[in-house]
Amino acid sequence: MTGPFWWDLLIGVTAALLLSWLVLVAALFAARPRGGLLREALRLLPDALRLIRRLAADRALPRGVRIRLALLLAYLAAPFDLVPDFVPVLGYADDAIVVVFVLRSVVRRAGFEAVRSHWPGTDDGLAALARMAGISPSGR
């Protein structure tokens with residue numbers, strides 16, 4: 001009688017994981033930057049990666065912020081994506097969307113000045129990043 005139980009458990013866990021992944025993909029699709037902002041997000045990704053690395057190494061920032069940033073760097077370095085690259089629209093954009101979510105969180109906790117002081121790109125790039133992430137110099 002233990003055979004069917006394990007089979008049912010395996011099917012249930014697989015279905016739950018698949019459903020969770022589908023909900024995550026739907027959330028990423030709904031939260032994606034609209035219009036030209038997605039293209040802009042992909043263009044800014046190299047500067048954003050340098051920003052994240054610098055922020056994660058800044059001991060003046062709260063520990064929770066640095067941990068979030070370190071986890072984000074680990075996710076970005078991982079050989080797999082939440083959404084495979086062959087999926088239209090989201091395939092290449094999932095990294096940019098995840099970066100946006102984390103940066104919003106960082107600005108809420110550490111302030112926009114921390115981002116500004118570590119930004120490696122141009123002022124126009126920083127303004128585009130702020131627009132894309134829905135953050136303002138006031139940190140809101």
**Backbone HN-Hα couplings from phi across segment 105-117 [Karplus 6.51/-1.76/1.60, Hz, Gly and Pro as x]** = 5, 5, 5, 4, 8, 9, x, 5, 4, 5, 5, 4, 5
**Prompt:** In what sequence, highest mean first, do 77-86, 124-133 appear when ranked by Cβ atoms within 10 angstrom?
**Reply:** 124-133, 77-86
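Taken together, the values in this text are just the output of simple stated rules run on the coordinates, not laboratory data. From a predicted model like this one, the values you see are computed outputs, not experimental measurements. FYI the Cβ positions are ideal-geometry reconstructions off the backbone, even for glycines, and counts take in every protein chain you see.
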